[in-house]
Amino acid sequence: MMELIVVTGGVRSGKSRWAQATALSLGGSDVTVVATAEAIDEEMERRIEAHRRERPKGWRTIEAPVRAGDAIRSAPSGTVVLDCLTVLAGTALGRVRARTEADACAAVAAEVDGVLAARKARDGRLIVVTNEVGSSVHPSTELGRWYQDALGAANQRLARAADRVVLMVAGIEVAIR
């Protein structure tokens, strides 16, 4: 079973930078990044490209906007970074066109099921990047609230299963577990 490390925090808190530094210290040049974002507009293209430039040369990338668990399972490296669950959850909600909170939660839970199953199926280390949505603005739309609730539940599941949980605050690591 893979060691599971969860890093959470707010937007621009340093989560991805921390995950990359940790992966580098654990896996060196033998790291696979499972990237969940899709370049749906120019701004997202720029964000994705910035993340690519920040990664060490030689790291592999698997694009997995859905079914991230399959990508983790097939990753050729012993150290895998999933960046990020937040975007994966949003894509899951969009793909099922959730009409109820139960639909939204089920879509996100299915992705988490896949991630946790992949963790059990292989050895190595898995670092999951996710946003802490519990401290953010309360969404004004029903779908936004469903998303926040579903991601919050997903984060709790991952944290309970994790060997290590880190909260990033203003670029500073705070060990939770």
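Where a number appears in this text, it was derived from the coordinates with a stated rule and is not lab data. Keep in mind that what you see is a predicted model, and the values were worked out from it rather than measured. All Cβ positions, even for glycine, are placed from backbone atoms using ideal geometry, and neighbour counts span all protein chains on display.
By how many nm would the segment from E45 to S29 lengthen if fully extended, with 0.36 nm per residue of separation less the alpha-carbon distance?
Details: separation 16, 0.36 × 16 = 5.76 nm, distance 2.48 nm.
Full-extension gain reported as 3.3 nm.
Per DSSP helix of 4 or more residues, -39500 (n - 2.57); summed, then divided by the residues of the chain. What does that give at 222 nm, rounded to the nearest 500?
On the way: 6 runs with 86 residues, N = 177.
Dividing the helical sum by the residues of the chain leaves -16000 deg cm²/dmol.
Let me make sure I get this right: for segment 108-177, a, b and c are the square roots of the gyration tensor eigenvalues over alpha carbons, sorted descending. Under 1.5 in a/c it's rounded, otherwise prolate if a/b > b/c, else oblate. Which is it?
Working: a/c = 2.96, a/b = 1.29, b/c = 2.30.
It is oblate, given that a/c is not under 1.5 and a/b is not larger than b/c.
7 Å from Cα along Cα→Cβ at both R17 and V169: what's the point-to-point distance in nm?
For R17 paired with V169, the spin-label model returns 1.7 nm.
What whole number of Å gives the distance from the Cα centroid of segment 1-20 to the Cα centroid of segment 21-45?
11 Å
Each label point is 7 Å from the Cα along the Cα-to-Cβ direction; what then is the distance between the points at R97 and A117, in nm?
About 2.5 nm, to one decimal.
Which order do the peptides 63-71, 89-97, 42-50 come out in when sorted by mean C-beta neighbours inside 10 angstrom, highest first? Each step should come with its number before you reach the end.
Working: 63-71: 19.7, 89-97: 18.1, 42-50: 11.6.
Peptide ranking by packing, descending: 63-71, 89-97, 42-50.
Work through the residues other than Q148 whose Cβ is under 13 Å from its Cβ and net out their charges, Lys, Arg +1 and Asp, Glu -1. Could you put the intermediate results ahead of the total?
Numbers: positive: R145; negative: E101, E132, E142, D149.
The answer is -3.
Given Cβ point charges of +1 (Lys, Arg) and -1 (Asp, Glu) and nothing else, what value in debye, to the nearest 20, does the dipole of the chain about its Cα centre take?
Numbers: 24 positive and 22 negative charges, 86 e Å.
With Lys and Arg at +1 and Asp and Glu at -1, about 420 debye.
Just to be sure I follow: if Rg is taken over the C-alpha atoms of segment 1-77 and Rh is the Kirkwood radius over the same atoms, what is Rg/Rh?
On the way: Rg = 12.7 Å, Rh = 13.5 Å.
Radius of gyration over Kirkwood radius for segment 1-77 works out to 0.94.
Below 15 angstrom from the Cβ of S136, what's the summed charge of the other residues (Lys, Arg +1; Asp, Glu -1)? It would help to have the intermediate numbers written out before the result.
Working: positive: R12, K15, R145; negative: E132, D149.
Around S136, the charge tally is +1.
Peptides 110-116, 162-168: what's the order by average Cβ count within 10 Å, highest mean first? Present the calculation step by step, with values, prior to reporting the outcome.
Details: 110-116: 20.1, 162-168: 18.4.
The peptides rank, most packed first, as 110-116, 162-168.
Lys and Arg at +1, Asp and Glu at -1: add these up for the other residues within a Cβ distance under 14 Å of A64 and post the number. The partial results should precede the final answer.
Working: positive: R60, R67, R73, R95; negative: E38, E63, D70, D83, E111.
Net local charge, A64 excluded: -1.
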